[in-house]
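Each remark here refers to the structure printed beneath this line.
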């Protein structure tokens, strides 16, 4: 039982059992996913909730927000916020906490793991050995990583962590943003097509949302070319998936390492038979250490808001001004 006076609507269970337990221990929590008729439940009980806990994958829709007249704060598990209806929340001055920073290293680790895997065909070679093909001949030559060129799309915290790893492999790094990153000494390329044409590996760490939907289109893939690799640990929506499948199948790009997809968990079946693509299940931040740190920040965002009126880490544009 909890002694808290705050009632929290949890959109669904989060991918960290300890966090679900901690939330229930600290607050009066109701799981919306467990309600048979969600609309009817919200119509009857929506006014009793002053907080929402959700995730980057689950998001928060405008109709749910509208059904919560006393909503004061949202705490989201994850770094993406394109699935949250921010205009609806901002219109009511509701701060939104999220969990950036604590997952930078793990996401960058996986980006580099995908880069290494697809360029050296680690997963494909594993399948080659398991099938018994080695007894019939050697595995084909693959692509060196050290000393190559990395183009990073989105030079935020994660992009910077990818650049640090690339430096350890003596790789040349350039990046594309809407504008040059403040304080960065790396080469800025204002044309995404030019960056793709220049690099050997195009790594996506840019935010999702309407502004970046299909940012990587057929033209960018054409510029990346038959010796270039695409690595996506950003959002599936950033890539024109049909154009990517076609480019991979026709070998108009060398390969891809993909942790995210347009309509997760659905993955284009055409990719399954291709050895020049490595697929993971949106697991870039999925380590015990990082998920625990994310969970702690979800809790901190709630407790700091209830104590002082501001979340610890807010989605840009959602934090109210501090009061004296």
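Derivation of every value follows stated rules applied to the coordinates shown; laboratory data play no part. Keep in mind the model is a prediction, meaning the values are calculated, not measured. For neighbour counting, all protein chains shown are included, and Cβ atoms are generated from backbone atoms with ideal geometry for every residue, glycine included.
Which shape class applies to region 30-136: rounded if a/c is under 1.5, otherwise prolate when a/b exceeds b/c and oblate if not, where a ≥ b ≥ c are the square roots of the Cα gyration tensor eigenvalues? Note, shape of region 30-136 comes out prolate. For the chain, a Gaussian network of Cα nodes joined below 10 Å ranks 40, 18, 113 by mean-square fluctuation, and the top entry is 40.
Under the simplified labelling scheme, the residue 217-residue 246 pair shows an inter-label distance of 1.2 nm, with each label point 7 Å from Cα along Cα→Cβ. Look at where the Cα atoms of region 263-324 and of region 1-60 average out, and the two centres are 17 Å apart.
What share of the DSSP beta bridges in region 104-279 is antiparallel, in percent to the nearest 5?
5
Going by neighbour counts of Cβ atoms within 10 Å, the residues 60, 114 line up, fewest first, as 60, 114. Between residue 134 and residue 92, the FRET efficiency from the beta-carbon distance, with R0 = 56 Å, is close to 0.35. Cα centroids of region 127-193 and region 240-256: 17 Å apart.
Before rounding to the nearest 500, sum -39500 (n - 2.57) across all DSSP H runs of length at least 4 in the chain and divide by the residue total; then give [θ] at 222 nm in deg cm²/dmol.
The helix-only estimate for the chain comes to -10000 deg cm²/dmol at 222 nm.
Just checking the listed ones, 61, 38, 72: in the Gaussian network model of the chain with Cα springs under 10 Å, the one fluctuating most is 38.
Cα-Cα pairs above 32 Å in the chain: how many percent? For the chain, the share of Cα pairs beyond 32 Å comes to 36 percent.
Segment residue 70..residue 127, full-extension length gain: 15.0 nm, with 0.36 nm per residue of separation and the alpha-carbon distance subtracted.
The residues 203, 53, 73, 145, when put in order of fewest to most other Cβ atoms within 10 Å, stand as 145, 73, 53, 203.
Sorted fewest first by neighbouring Cβ atoms within 10 angstrom, 201, 128, 272, 169 come out as 272, 169, 128, 201.
Given their separation in residues at 0.36 nm each and the Cα-Cα distance between them, residue 269 and residue 24 gain 84.3 nm when the chain is fully extended.
The GNM of the chain, with springs linking C-alpha atoms under 10 angstrom apart, assigns the highest mean-square fluctuation among 175, 188, 81 to 188.
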